[in-house]
Amino acid sequence: MSGPAVSVVMAAYKGAAFVSETIASVLAQTLGDFELIVVDDCSPDDTLAVLRAIRDPRIRVIAADTNQGPVRTRNRAFAEARGRYIAALDQDDLCRPERFAKQVAWLEAHPVTVAVGSAASLLAEDGVVRPGHAPHAMSPGLIDWLLLFRNPLVWSSMMIRGDIARRLDPFTRPEILYAEDFDLYHRLRQHGPLARMDEELLIYRCHAGGASQKFRDTMIASAARALIDAYAPIFGDEGEAVATLVLRHLNAGLPVADAATLARLAMAVETLFAWHLAIARPDRATEAAIRRETSRLWWRVARSSVQSGTLGLRRAVAHRPPAALLHQSRPAGLLLARLIGSGRSLGLIPRSANPA
């Protein structure tokens, strides 16, 4: 018997507060030809009872025998998937009703694309849904560039061709902790392009204490491991160290400690930029988008560094890579950062304070 069009894979753990709302958003899809496979990872709360109380023949609930963490639990759900397409979804995010229908149509209209995500709205703890912060337009060429130093795709928005996903062993790698999705995109990219629909088909739930905040250093180290193969032909044996530097600042947004570190970061960005242009040969529109997004991320780091009081404004501007366009530096923001940074350097503003 043939499988459904879409298999939704979900790992559940201590999700009793949100998982029923997430599943309701799946059951509300305009495309009804799907299965939802949820594996509960030995939750100590009522998650399993909540899952079993939801009655729909398209839902399969599996209770794990032992707690193994989210990556292995998600892989267990994937192993049960029968669909032509695999839809990713975390237990606390919400799908817009037309998400599956639109992503299936996209993949059927773009046969060489191996996976497609979407833009995402943000659901704050106050219950207000706001637009996301990612670039409004995200082409496959821009995704390729951003994958060299950050994760441009939201996991819960992804839909992957099942035949491609089944070529991967494992589906997601448990040893790449907290960056397994970033690693997966690099592995999928070897089979074809990745895309993102610019419509916000997902509502991403934001809450304090998420894994990306609590375990930042582990995430950066794991993401650097995912980049080793991409960086090796560019930086040789220094690839992992350069990847760590780039991820700390352009991905995590951490301020640089001094001018020398900023100069090393600028050289890394410019080397990556030149290499990517030579290899990918993007068209004019894509190159312009790459420069805009590179500028946005670079000046974010520059502002945070100046504001932290560890770097002067003049050095921040002087050390910029040519790929970071000067006219996109938002001078007013830099000047405000300079005032705050000066206050911190003089001890007038505590370094733990965040006036901005």
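The values are calculated or read from the model by the stated rules, or taken from the named source; none is laboratory data. Computed from a prediction, not measured in an experiment: that's the story for all the values here. As a convention, Cβ positions derive from the backbone with ideal geometry for all residues, glycine included, and neighbour counts pool all protein chains shown.
For segment 151-175, name all the residues that are in a loop (DSSP other than H, G, I, E, B) and surrounded by fewer than 19 Cβ atoms within 10 Å (Cβ to Cβ).
Here is the first cut: in segment 151-175, the residues in a loop (DSSP other than H, G, I, E, B) are 151-154, 158, 166-175.
Within segment 151-175, R166, R167, L168, D169, P170, P174, E175 qualify.
Given the criterion outside the structural domain of L265 (by TED's automatic domain parsing), over 26 Å from T244 (Cβ atoms) and assigned to a helix (DSSP H, G or I), identify the matching residue among A101, A137.
Values: A137 fails: assigned to a helix (DSSP H, G or I).
Every option except A101 fails the conditions.
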Looking at D126, D56 in this structure, which one is without any contact (Cβ under 8 Å) to a residue 40 or more places away in the chain, in contact with a helix residue (DSSP H, G or I) (Cβ under 7 Å, 6 or more places away or on another chain), assigned to a loop (DSSP other than H, G, I, E, B) and assigned by TED's automatic domain parsing to the domain that holds H186?
D56
Restrict the check to segment 223-235 and report whether at least one residue is farther than 24 Å from S304 by Cβ, out of contact with any helix residue (DSSP H, G or I) (no Cβ under 9 Å at 6 or more places or on another chain) and of a type in the set (A, V, I, L, M, F, W, C).
no
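Residue by residue, here is whether (1) more than 25 Å from A232 (Cα to Cα); (2) modelled with pLDDT under 85; (3) of a type in the set (D, E) holds:
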| position | (1), (2), (3) |
| --- | --- |
| L250 | no, no, no |
| V269 | no, no, no |
| R281 | no, no, no |
| L297 | no, no, no |
| R320 | no, yes, no |
| S342 | yes, yes, no |
| A353 | yes, yes, no |
Every listed condition ((1) assigned to a loop (DSSP other than H, G, I, E, B); (2) modelled with pLDDT of 95 or more) holds for A17 save (2)
For segment 141-193, what are the residues that are in contact with a strand residue (DSSP E or B) (Cβ under 9 Å, 6 or more places away or on another chain) and closer than 19 Å to C206 by Cα?
P152, L153, V154, W155, S156, S157, M158, D181
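Could you check how many residues of segment 288-301 are of a type outside the set (S, T, N, Q) and in contact with a Leu (Cβ under 7 Å, 6 or more places away or on another chain)?
To start, the set of residues in segment 288-301 that are of a type outside the set (S, T, N, Q) comprises 288-293, 296-301.
In the following step, the residues that additionally are in contact with a Leu (Cβ under 7 Å, 6 or more places away or on another chain) were identified as 289-291, 293, 297, 301.
Residues flagged as of a type outside the set (S, T, N, Q) and in contact with a Leu (Cβ under 7 Å, 6 or more places away or on another chain) within segment 288-301 amount to 6.
Got a number for residues in segment 252-265 being touching a residue at least 12 places away in the same chain (Cβ under 8 Å), surrounded by fewer than 20 Cβ atoms within 10 Å (Cβ to Cβ) and in a helix (DSSP H, G or I)? Before you say what the answer is, go through the steps one by one.
Filtering segment 252-265 for residues touching a residue at least 12 places away in the same chain (Cβ under 8 Å) gives 252-259, 261-265.
Checking which are surrounded by fewer than 20 Cβ atoms within 10 Å (Cβ to Cβ) leaves us with 252-254, 257-259, 261, 263-264.
Adding the requirement that they be in a helix (DSSP H, G or I) leaves 259, 261, 263-264.
The number of residues fulfilling the criteria is 4.
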Answer yes if at least one residue in segment 59-72 is touching a Gly at 6+ places or on another chain (Cβ under 9 Å), within 23 Å of R166 (Cα to Cα) and among the charged types (D, E, K, R), and no otherwise.
no
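Please find, among I176, I164, the residue that is within 21 Å of L89 (Cβ to Cβ), aliphatic (A, V, I, L, M), modelled with pLDDT under 95 and in the same structural domain as E21 (by TED's automatic domain parsing). Spell out the reasoning first.
Values: I164 fails: modelled with pLDDT under 95.
Only one candidate qualifies: I176.
Please go through segment 105-140 and pick out each residue that is within 19 Å of H207 (Cα to Cα) and touching a Lys or Arg at 6+ places or on another chain (Cβ under 8 Å). Show your work before the answer.
Within segment 105-140, the subset within 19 Å of H207 (Cα to Cα) is 119-134.
Once the filter is applied, which keeps residues that are within 19 Å of H207 (Cα to Cα) and touching a Lys or Arg at 6+ places or on another chain (Cβ under 8 Å), segment 105-140 yields A119, S121, L122, L123, A124.
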Within segment 63-75, work out how many residues are within 28 Å of G32 (Cβ to Cβ) and surrounded by fewer than 18 Cβ atoms within 10 Å (Cβ to Cβ).
1
Only one of (1) over 16 Å from the mean Cα position of the chain (by Cα); (2) touching a residue at least 40 places away in the same chain (Cβ under 8 Å) does not apply to I203, and that is (1)
